[in-house]
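Only the coordinates and a few stated rules stand behind these numbers; no lab work does. It should be emphasised that the depicted structure is a prediction, and the values quoted were computed from it without experimental measurement. With ideal geometry, Cβ positions are generated from the backbone for all residues, glycine too; neighbour counts draw on all protein chains shown.
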Amino acid sequence: MPRWEKVPRQNWQRARAMRRTPTNAERILWRTLRNGQTGVVFRRQHPIGPFIVDFLAPECGLVVEIDGDTHADPEQIAHDSERTRCLESAGFKIIRFTNREVRENMASVIRQILCVVTPLNPPAEAEGQ
């Protein structure tokens, strides 16, 4: 995994400010991801290099992004694709959900996250076999 020291100082400050004002969808998802309730520790609004990701599971390198309506704009789609490419080339796995998916089908969102997390973060007893 990349080291955090390459994060511009202002990104740490911006991430802190973003944690204070989450979107409704981020707040909803955080209620389930916080405190390792899924078996994996997540951080929210976490800087990685020049980016600030919505949710990061550092132990398994998973980034979960929640996209609002602005992410349907062609320029934003291109920006998101480049951002995803950069993060994936640094070793992260990226999954995206829309605000609507989080609000209307949280069970499915959590199932999809767990399907990705489990292979990336096998149970401790399976590691020694």
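Close amide-amide hydrogen proximity is noted between residue 67 and 97, 98, 99, each under 5 Å apart and 5 or more residues distant or on a separate chain (H modeled in the peptide plane; Pro and chain starts excluded). Working from label points 7 Å from Cα in the Cα-to-Cβ sense, the residue 78 to residue 17 distance is 2.7 nm. Here the Karplus relation 6.51 cos²θ - 1.76 cosθ + 1.60, evaluated at θ = phi - 60°, turns the backbone of segment 46-56 into coupling constants of 10, x, 9, x, x, 10, 10, 9, 5, 9, 9 Hz, with x for every Gly and Pro. Here the relative contact order of segment 4-119, from alpha carbon pairs under 8 Å that lie six or more residues apart, stands at 22 percent.
In segment 34-60, whose amide N lies under 19 Å from the spot 7 Å out along Cα-to-Cβ of residue 6? List them in ranges. Hits in segment 34-60 for residue 6 at 19 Å: 46-54, 56-60. Building the convex hull from the alpha-carbon atoms of segment 4-119 and averaging its projection over directions returns 7.1 nm². In terms of the mean number of neighbouring beta-carbon atoms within 10 Å, the peptides 55-65, 88-98 order highest first as 55-65, 88-98.
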